[in-house]
1. Between the alpha-carbon centers of region 211-273 and region 414-461, tell me the distance in whole angstrom.
2. What does the net charge come to around Glu351 if you take all other residues with beta carbon closer than 9 Å to its beta carbon, with K and R at +1 and D and E at -1?
3. How about the chain: what cysteines have no other cysteine beta carbon under 4.7 Å from their own?
4. Taking only protein heavy atoms and a 1.4 Å probe, what accessible area per residue, in Å², does the chain have with all protein chains in place?
5. Along the charge dipole of the chain, pointing to its positive end and built from +1/-1 on Cβ of Lys, Arg, Asp and Glu, which listed residue (Gly60, Ile381, Ala109) has its Cα farthest out?
6. Counting only other residues whose beta carbon sits under 14 Å from that of Ile423, what net charge do I get with K and R as +1, D and E as -1?
7. Count neighbours as other Cβ atoms within 10 Å of each site's Cβ, and list the trypsin sites (Lys or Arg not before Pro) in region 212-248 that are DSSP loop with at most 13 such neighbours.
8. If amide hydrogens are placed 1.01 Å from N in the peptide plane, which non-local residues have theirs closer than 5 Å to the one on Lys150?
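The values are calculated or read from the model by the stated rules, or taken from the named source; none is laboratory data. Remember, it's a predicted structure, so these values are computed and weren't measured experimentally. Here Cβ is always computed from backbone atoms with ideal geometry, including for glycine, and neighbour counts include all displayed protein chains. For accessibility, only protein heavy atoms count, side chains too; no ligands or nucleic acids. Shrake-Rupley method; radii C 1.70, N 1.55, O 1.52, S 1.80 Å.
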Amino acid sequence: MRAAIMATKIQEAPKVGMVSLGCPKALVDSERILTKLRADGYAMSPDYEGADVVLVNTCGFLDSAKEESLEAIGEAIAENGRVIVTGCMGNEAELIRARFPEVLAVTGAHQYEHVVAAVHEAAPPARGAFVDLVPEGGLKLTPRHYSYLKISEGCNHSCAFCIIPSLRGKLASRRIDAVLREAEKLVSAGTKELLAISQDTSAYGVDTRHEPREWKGRQVRAHMTDLARELGHLRTSEGKAPWVRLHYVYPYPHVDDVIPLMAEGLLTPYLDIPFQHAAPSVLKSMKRPANEAKVLERIRNWRSIAPDIAIRSSFVVGFPGETEADFQYLLDWLDEAQLDRVGAFRFEPVEGAAANALPNPVPEEVKEERYQRIMEKTAAISAAKLAAKVGRTLPVIIDEVGESDEEGSIGATARSQADAPEIDGNVFLRDVPETLKSGDIVDVAIEDADEHDLFGVIAQG
């Protein structure tokens, strides 16, 4: 007698859609939420229609960002109807609910457990061995070959234009062994470029008094320099060192100690430093350190140690009380500093920021005129620096390989070590081989340049 074999029907996994707004730190939050939900049996939906619930991870740094977040919430409600809101605007739950009373739940920034609990309530998870599978490196919203590595939350600064401490709290550093374990998993899963991020990377471990933890049989401190050194010792499956970038680095004295690591090849020669301004009076109003002369000297020393170091920064124009003399001081400072990559934004009042109460607001037309002048200045500096790279051979990381054209030629988009993804320039390649793929790191002969990008071909031999 043949025994009856009963097939167990696998419960279909509920699907979650995600809209992630704001900075890379918010993107890391989104990845962690999705990784936890995937571990709990959820599937991901690429569109509104197929989602059982939609998460909107909001940004609340500027009023314009808040409006963008509210628009995204409204679109998700219109297209799907079942929406959970998280992120920096979660602190303004009353505002969100007043405009969108049908929102299922509102949670604050990095409240992962609350977000997951809200999803569980809105769309109970499927269970079973066949749906509880998560890749070793977790789920990612970035391409496979680069990953953001968040090392801390919050910030101890009280900059007049910023409300980040009220949104994300004071500095809270992750354990050094936990950070390195995550980095190791990401590299093992295919990451070729790690981007260390936080609100203040230089302050990593200050809140824990740089507490050491055991890692690979030795004690390692929770300190930026120790972290950078250990990340530089990681290796990919091919035995190669990943690129390691440091973002949001305040120019504390110990930043000088990471420059030799760049010269040794343990750290990508790149620093993202939020200078914000150069004029002492404006820096004082911003409640930021006003030691711009010493910074210029340190930049010269950094370049003497690591000549290829790329320094990027961002600046605020039109801050309350900024005079024409202050702005000209900034332009002259940029001529001296010769920063490689510069972004600028017009001052915008943010609800809850101390700067809103400062006297002598700068008229909007003056802000715009100064913004155009600083962008013209920095574009000229960038063009000259990139032109100096023509004729050199540089390593690049491949982001995307195109389709062959009618003549069979294939192009690719890449980045040099001076270019972080999404915010800096690109290296555009011609006539690449069909075997080239995203994440490959190859040497490229630079043939041409414009204000922001380089153009070249894979070096022979």
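1. 25 Å
2. -1
3. Cys23, Cys59, Cys88, Cys155 - these cysteines have no disulfide-compatible partner (Cβ-Cβ under 4.7 Å) in the chain.
4. 46 Å²
5. After comparing all options, I get Ala109.
6. -3
7. Passing sites in region 212-248 are Lys216, Arg235, Lys240.
8. Amide H to amide H, under 5 Å and 5 or more residues apart or across chains, Lys150 pairs with Ile197.
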